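Here's the structure we're looking at; comments come further down.
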Amino acid sequence: MTFLMQPQGQGDELLFHYTTAAGLAGILDSGELRLSTLERMNDPRESGKYSFGFNSWSSGSFGDDRRAGIESDINDALRGTTHLASFTREGLEESPDGYFGRGFARARNWDQYGEKHRGAVLGLNRDRTLAAFDELCSGDFASGPVRYENGSLQSLPDGGWLIFDESEYNEVGAHGVANRWRVDYQNQLFFTKNRDWESEDEFRIVVWQAQHANMPIAGLIEGVILGEHHPIPEKKVLGTRLARLGVDRLIIGIMDWRHGTPGCLSSILTDRPGIFGFEVVDDGIDRDFPLAHPVLS
């Protein structure tokens, strides 16, 4: 059974990554998914720089210039080593009508992250993706669903906010302070967003390392879902791009919003050498959908 035929509300074994048409081409041509930085996140509680307080500081040693320098150093240490991969989770609630709730059929995500339905969604195997990150980062990563709640970053479990004292800073430096906060406040810093973003139903993988992180995707892809306005020239070379990755059999879908209801024309990229045609697959949603037309040359 393909993931398109999967009954509604069952399983969370897939992760879906929305991207633009150019983004899909870049991912497939490079064979890698490039992680984002906090500065590129859409929630101001993540994109803005952190501020913090001082529990104790010796008299006369804390001027405005030093404070500004320390804040900059700790922000660089904490934010500059944090890289994220964002996905939409598979919907777990049943829908009697179309693909509503499925991870690849979120209208808001298609509009904001899928280039207004010109882009695409990569469907990745969740377990294999997490295992690949574990190997890539030697276990120094975290993953899980984002929780959505309105509130300030000052609302931490201990009632405080990012606070340290002079002795800690002198002993461990900016990176040591940042590492403690990363451990103590991981959920608040990296896995919480304001409720305005709740419809994204985000599953996030966070990597901490000095170098920017890219994730090889060969062997992780379960399917590619193209937006209903995906450029025709890009459709024609999709098979070639996949072939370069060593993918010769894959579910390919084309979104079809019928009266606002999400459906998907689905086909299988065949495994015949040198031929990239379509084999029609019944998606089980709307029996009146036309058969998928070949879109790969």
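Nothing in this text is a laboratory measurement; each read-out follows from the coordinates by a stated rule. For clarity, every value in this text was computed on a predicted model and none was experimentally measured. Quick reminder, even Gly has a Cβ in these numbers, built from the backbone with ideal geometry, and neighbours come from all protein chains shown.
What is the diffusion coefficient of the stretch 147-271 in µm²/s, taking the Kirkwood radius over Cα pairs and the Stokes-Einstein relation at 20 °C with a viscosity of 1.002 mPa s? Walk me through the numbers on the way to the answer.
Details: Rh = 19.3 Å.
Taking Rh from Cα pairs, D becomes 111 µm²/s.
Subtract the Cα-Cα distance of Lys236 and Gln186 from 0.36 nm times their separation in residues, and report this length gain in nm to one decimal.
Numbers: separation 50, 0.36 × 50 = 18.00 nm, distance 4.33 nm.
Value of the extension gain: 13.7 nm.
Listed by chain and number, the lysines placed with their C-alpha closer than 23 angstrom to that of Lys49 are Lys193; residues fewer than eight positions away on the same chain are left out. Of the peptides 40-49, 218-227, the ranking by mean beta-carbon count within 10 Å, highest at the top, reads 218-227, 40-49. What separates the Cα centres of the stretch 172-190 and the stretch 200-222 is a distance of 21 Å.
Computed on the Cα atoms alone, the convex hull of the stretch 161-208 gives a volume of 79 cubic angstrom per residue.
Placing dummy labels 7 Å off each Cα toward the beta-carbon, the span from Arg66 to Ala142 is 3.1 nm. For Ser47 and His175, a Förster radius of 30 Å and the Cβ-Cβ distance give a FRET efficiency of 0.85, rounded to the nearest 0.05.
The stretch between Glu198 and Leu130, if pulled fully straight at 0.36 nm per residue, gains 22.2 nm over its current Cα-Cα span.
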